[in-house]
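Written below as structure tokens is the structure these notes are about.
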Amino acid sequence: MRPIEFTLNGARARVTVEPHETLLWVLRQRLAATEVKSGCERGDCGACAVVLDGRAINSCLALAVQAEGKSVLTVRGLGGPEAPHPLQATFVELGAAQCGICIPGMLVSLYAFLQEHPRATRGEIREAIGGNLCRCTGYQKIVDAAEAAARRLVGATE
Amino acid sequence: MSTTSGFRIVGDRAPRPDARDKVYGLLRYADDFALAGMLHAKVVRATRPSARILKIDGSRAEALPGVTCVLTARDVPHNVLFSDVPGQTTAIGPLRARTQVLAGDTVRYLGEAVALVAAETEEAAEEAARLVVVEYEDRPGVFDPEEALRPDAPPLEPTGNVISRWKIRKGDVEAGFREADVVVAETYRTGFIDHAFIEPEAGVGWLDENGVITLRVATQVIEHFRDVANVLGLPHSRVRIIAPYIGGGFGGKEDVTVEVFLGLLVWKTRRPVRLCYSREESILSPTKRHPFVMKYTHGARRDGTLVALQVELIADAGGYAYLSPLTLLYAMVHAAGPYRIPHVKVDGVAVLTNNPPTSAFRGFGSAQPAFAYESQMDALARALALDPLAFRERNYLRKGERLASGQELETAVLLPETAARAWHALGPPRTPSGPGKRIGRGVASALTAYGRIVWLHDWSSAWVELQMDGTVLVRTGVPDIGGGQAASLVQITAEILGLAQDEITIHIGDSALTPLAGTTTATRQLYMSGSAVHKAASELRATLLQQTGELLNVPPETIVLADGLAYAEGNPQRKLSFKELAAACARAHRPRSAFAIYQAPAGQVMDFETGQGKVFPDFTFGSQAVEVEVDEDTGEVQVLRVVACYDVGKVINRNSVEGQVEGGVAMGIGYALLEEDRVAAGLTLTPNLMTYLIPTALDVPDVTAIILESGEGMGPWGARGIGEPALVPTAPAIANAVFDAVGVRVTRLPITPERLWRAGQEQPARRAR
Ligand code: FES
Ligand code: FES
């Protein structure tokens, strides 16, 4: 067991972990961050995606110790009912969430991607979520919502 | 406020209330819930597809620190589960629809549950599951449904491997074929399909303060509380099932999954227990979509009139019946498609094998035959040198005509419109992206039943209450599997009571506290529970009109409910708030709530000898047109465009309707091109999402949904169901487009590059076209 410390959605998280424990497991089981979903635990589905120091990763493939000293962002860190992130707002408005289980991973992947590529095309958005499986939506409204959010984000900075 | 359609909120793109918690990460799904002192459970699964169990030794597992118990068949009070609802046993027979909770003497498929373990930690439970030693004696197995039909095949049941046979007889099929100028015969095959919801089967159970076993599980059917009680030998009221919002169902959470295991473990340990399947376990455990062998022979006249159809369907039921007899019945009724054919003979058989058990899957028995009949329609049109659309148009059933099974189509049949609109919306053809690439287009139409079989006497109930603060509460036992089931009910209530959605709260999916609404299956919830909520809200509305009329001294018929206010038409100044109305009702001893039961029109059981009779309440009709690009060298198929056109009767939530269509198309693309559980001698070779491929955002193009509203469905304001129909025409439309591109017909799904290439080698004549 070893104590580690990192930032989780802006707040300090201190937790004792085993060296083999995955970031996904520690987030869900030790830190009650159940908004990070578990769909396969082997890097195939993207449901567990979080943003680690600005980059979207599958937390089931990362060890918790790798988060030491870094910043971890989950969908709860993007925004909430009081101040939704434009991605969260457009996902609701355009009906992009059906069962919703893929959505936390989808949103953080898109968040990290749009930070780097604010003017992404539809095709690039599709590539960005190529590792985030969704069984419900056919991706159509997810891509629509991501495009609409990108326009809002760019508009806000111009 | 009121739109030109006369509706305030029904029909628009109202944001779904559940979506907010989903995008903020606040929603607690089945596996996001924990209780203090909770045990973790694991299922020990058979490693053989067909074997006798000689011995199960749990002693090493039990000795492991932290392990609470190891349960085997001997610990199950009544080790039997029946896949039936009242009425179904008439057709299946209770014996054959039976499964064992934990394998007793024999295992019939690889992955069958043999034992349960529970421990203080998940690691200990995993370790304990590995330490349970099961001694097997292999028995001969049978892995091909056609082989399983042979008299010398090893029988899974003492009575043999056939679990159900159905037939449909209409006209004289031999005479029909004598009239035919062209006969097209082909055998089509489909594979095992995994539901692949992103949320695996999961749940947490506990004993509540009244000694009621309470299970909070991802399920499409909270009525499984009865199954849990029957297995434990408890009164039905001693088991409660709560369905939180579910991370996808598609039929895979229709049969019992974790419910009975959790019930057993809670009952034995008296502690809270969590059981969540891994992805591999989700793929290995039941159930899958049935592989079908479909032998089709169509006859048509030179002018393009269909005259005869003979069909033989063989469904691989896997190790246990589950809902296979019913899936096959659905396939029978849908087998001829939405076409007028005077002479039809259909024979179907569902057969046990030592393969993974198959059961409900979106498009329940209607998806497989659609691949066959729509491939046939395309082949016939080409054989007759007729335009595929014109050929279909000539043969589409019209309203008032009858299916081969004798059922009259009593509501609008907009097939010609759906096909023409989908086809024309494809626009100008694209040019191939490079040398060796070919563009092709295809179309497919289908009918798909929604609502339960009429002789199952389906019903749903709902309860709507005006709260003292003027807000409204809806209660109904609907499990929401992601299709917007709850949101649509809120919208219906909002429409009827003239309230904003935000003023309505809905409680769903609790077998103890919400009135039962039946299963979220068979594309029935909008139809059934939508109707129940419509009825309850309308009753409450009548009460409010009465109360307002008395207070304002005007006839109740003149009262308007809008924007949370009640007033007489033309006099909005004298208004009452809902809060004032609630107080007035309370003073007048007038109930502020309404409970309503909606009963679907019932019917007689069909004639089993001829397969004639009304089976379904109604159907949804639609067509899809696709454009593909095929790489001639590699056999790779890329779907470039899909247009799907459906008559949904009446749109309740436009985003939800389109979402069902877009998601259905994506699943259809997977069915057509990617998905198949590879099963070799009972062993699933695709136990993860790296080998079992579902479509990614890069496999699905932009989908155009064109929605028609005939107003003639059975649901609220004439709505029809769309969840399952959305998936059905995609695969045949793609197969037809592939043929259009390269002149090769692949008769087996999925159309992998290898299969397409091989079919091309075997069909050189067609290739030269
Ligand atoms: S759970 Fe991490 S990728 Fe699926
Ligand atoms: S919304 Fe259900 S998996 Fe994406």
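The values are calculated or read from the model by the stated rules, or taken from the named source; none is laboratory data. Because the structure is predicted, anything quoted here is derived from the model rather than measured. Cβ sites come from the backbone with ideal geometry, for glycine too, and all protein chains shown count toward neighbours. These accessible areas exclude ligands, DNA and RNA; they are computed on the full protein's heavy atoms, side chains included. Shrake-Rupley method; radii C 1.70, N 1.55, O 1.52, S 1.80 Å.
If we keep just the residues of the stretch A:26-60 that are in a loop (DSSP other than H, G, I, E, B) and β-branched (Val, Ile, Thr), which is farthest from the other protein chains (Cβ to nearest Cβ)? Before you say what the answer is, go through the steps one by one.
The initial filter retains those residues of the stretch A:26-60 that are in a loop (DSSP other than H, G, I, E, B), namely A:31-48, A:53-54, A:59-60.
Still in the list and also β-branched (Val, Ile, Thr): A:34, A:36.
Working: A:Thr34: 4, A:Val36: 8 Å.
Here the residue is A:Val36.
The single condition among (1) β-branched (Val, Ile, Thr); (2) surrounded by 15 or more Cβ atoms within 10 Å (Cβ to Cβ); (3) at pLDDT 95 or above that B:Val454 does not meet is (3). So, of the residues in the stretch A:120-135 that are in a helix (DSSP H, G or I) and under 16 Å from the mean Cα position of the chain (by Cα), which turns out to be nearest to ligand 1 (Cβ to nearest atom)? Step by step, filter the stretch A:120-135, then rank; the result is A:Ala128. Could you please give the count of residues in the stretch B:427-475 that are of a type in the set (Ser, Thr, Tyr) and under 20 Å from the mean Cα position of the chain (by Cα)? Here the count works out to 4.
The set of residues in the stretch B:565-583 being assigned to a strand (DSSP E or B) and either buried (at least 16 other Cβ atoms within 10 Å of the Cβ) or touching a residue at least 40 places away in the same chain (Cβ under 8 Å) (or both) consists of B:Leu565, B:Ala566, B:Tyr567, B:Ala568, B:Lys575, B:Leu576, B:Ser577. Residues that are more than 19 Å from B:Leu447 (Cα to Cα) number at least 2 in the following helices (runs of 4 or more DSSP H) confined to the stretch B:280-398: B:324-334, B:367-383. When you check B:Leu689 against the structure, is it hydrophobic (A, V, I, L, M, F, W, C), part of a loop (DSSP other than H, G, I, E, B) and within 21 Å of A:Arg126 (Cβ to Cβ), yes or no? Spelling it out, B:Leu689 is indeed hydrophobic (A, V, I, L, M, F, W, C), part of a loop (DSSP other than H, G, I, E, B) and within 21 Å of A:Arg126 (Cβ to Cβ).
Looking at the stretch A:78-95, which of its residues are more than 9 Å from chain B (Cβ to nearest Cβ) and away from ligand 2 (no atom under 16 Å from the Cβ)? Result: A:Glu82, A:Ala83, A:Pro86. Scan the stretch B:236-262 and report the pairs whose first residue is within 22 Å of B:Ala321 (Cα to Cα) and assigned to a strand (DSSP E or B) and whose second residue is within 16 Å of ligand 2 (Cβ to nearest atom) and of a type outside the set (Ser, Thr, Tyr), with Cβ atoms within less than 8 Å and a gap of 6+ or a chain change. From the stretch B:236-262, no pairs qualify.
Any residue at all in the stretch B:690-705 that's over 30 Å from B:Ala487 (Cα atoms), of a type outside the set (S, T, N, Q) and open to solvent by less than 10 Å² (accessible area, probe 1.4 Å)?
Yes, the stretch B:690-705 contains at least one residue that is over 30 Å from B:Ala487 (Cα atoms), of a type outside the set (S, T, N, Q) and open to solvent by less than 10 Å² (accessible area, probe 1.4 Å).
Every test in (1) closer than 24 Å to B:Leu403 by Cβ; (2) at the interface with chain A (Cβ under 9 Å from one of its Cβ atoms); (3) of a type outside the set (Phe, Trp, Tyr) is passed by B:Ala644 save one, and that test is (2). When the stretch A:66-77 is limited to residues that are open to solvent by 10 Å² or more (accessible area, probe 1.4 Å) and either under 15 Å from A:Arg12 (Cβ atoms) or under 16 Å from the mean Cα position of the chain (by Cα) (or both), the one that is nearest to the other protein chains (Cβ to nearest Cβ) turns out to be A:Arg76. Restricting B:Thr634, B:Thr684 to those that are more than 9 Å from chain A (Cβ to nearest Cβ), open to solvent by 10 Å² or more (accessible area, probe 1.4 Å) and in contact with a strand residue (DSSP E or B) (Cβ under 7 Å, 6 or more places away or on another chain) reduces the list to B:Thr684.
Inside the stretch B:535-564, residues that are open to solvent by less than 50 Å² (accessible area, probe 1.4 Å) and in contact (Cβ under 8 Å) with a residue 40 or more places away in the chain make up a count of 11.
Residues are listed down the side, and each one gets a yes or a no for (1) more than 17 Å from B:Val273 (Cβ to Cβ); (2) open to solvent by less than 50 Å² (accessible area, probe 1.4 Å); (3) assigned to a loop (DSSP other than H, G, I, E, B); (4) within 14 Å of another protein chain (Cβ to nearest Cβ):
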position	(1), (2), (3), (4)
B:Leu27	yes, yes, yes, yes
B:Ala41	no, yes, no, no
B:Val44	no, yes, no, no
B:Arg52	yes, no, no, no
B:Lys55	yes, no, no, no
B:Ala61	no, yes, no, no
B:Pro65	yes, no, yes, no
B:Cys69	no, yes, no, no
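For B:Val630, the requirement of being assigned to a strand (DSSP E or B), closer than 23 Å to B:Val413 by Cα and over 22 Å from the mean Cα position of the chain (by Cα) is not met. Within the stretch A:26-39, the residues that satisfy the criterion of being without any contact (Cβ under 8 Å) to a residue 24 or more places away in the chain, within 15 Å of ligand 1 (Cβ to nearest atom) and either crowded, with 23+ Cβ neighbours inside 10 Å or under 15 Å from A:Ile4 (Cβ atoms) (or both) are A:Gln29, A:Ser38.
Might you let me know whether the stretch B:153-164 holds any residue that is out of contact with any helix residue (DSSP H, G or I) (no Cβ under 6 Å at 6 or more places or on another chain), within 16 Å of ligand 2 (Cβ to nearest atom) and touching a residue at least 24 places away in the same chain (Cβ under 8 Å)? No: zero hits. A:Gly138 satisfies every condition listed in (1) open to solvent by less than 10 Å² (accessible area, probe 1.4 Å); (2) in a helix (DSSP H, G or I) except (2). Only one of the listed residues (B:Leu313, B:Leu384, B:Leu284) is touching a residue at least 60 places away in the same chain (Cβ under 8 Å) and touching a helix residue (DSSP H, G or I) at 6+ places or on another chain (Cβ under 9 Å). That residue is B:Leu384. Applying the criterion of being open to solvent by 10 Å² or more (accessible area, probe 1.4 Å) and in contact (Cβ under 8 Å) with a residue 60 or more places away in the chain to the residues of the stretch A:113-131, the residue that is farthest from ligand 2 (Cβ to nearest atom) is A:Gln115. The criterion of at least 3 residues that are open to solvent by 60 Å² or more (accessible area, probe 1.4 Å) is met, among helices (runs of 4 or more DSSP H) falling completely within the stretch B:99-205, by B:122-131, B:173-179.
Report yes if some residue within the stretch B:662-670 is without any contact (Cβ under 8 Å) to a residue 12 or more places away in the chain and closer than 30 Å to A:Glu124 by Cβ; otherwise report no. No; the residues of the stretch B:662-670 include none that is without any contact (Cβ under 8 Å) to a residue 12 or more places away in the chain and closer than 30 Å to A:Glu124 by Cβ. Put simply, of A:Leu23, A:Leu63 the only residue that is more than 28 Å from B:His195 (Cβ to Cβ), within 16 Å of ligand 1 (Cβ to nearest atom) and away from chain B (no Cβ under 14 Å) is A:Leu63. Every test in (1) within 8 Å of chain B (Cβ to nearest Cβ); (2) within 10 Å of ligand 2 (Cβ to nearest atom) is passed by A:Gln140 save one, and that test is (2).
Screening B:Glu280 against (1) within 14 Å of chain A (Cβ to nearest Cβ); (2) open to solvent by less than 20 Å² (accessible area, probe 1.4 Å); (3) within 27 Å of A:Thr34 (Cα to Cα) leaves a single unmet condition, (2). Within the stretch A:49-56, one or more residues are crowded, with 21+ Cβ neighbours inside 10 Å and within 16 Å of ligand 2 (Cβ to nearest atom).
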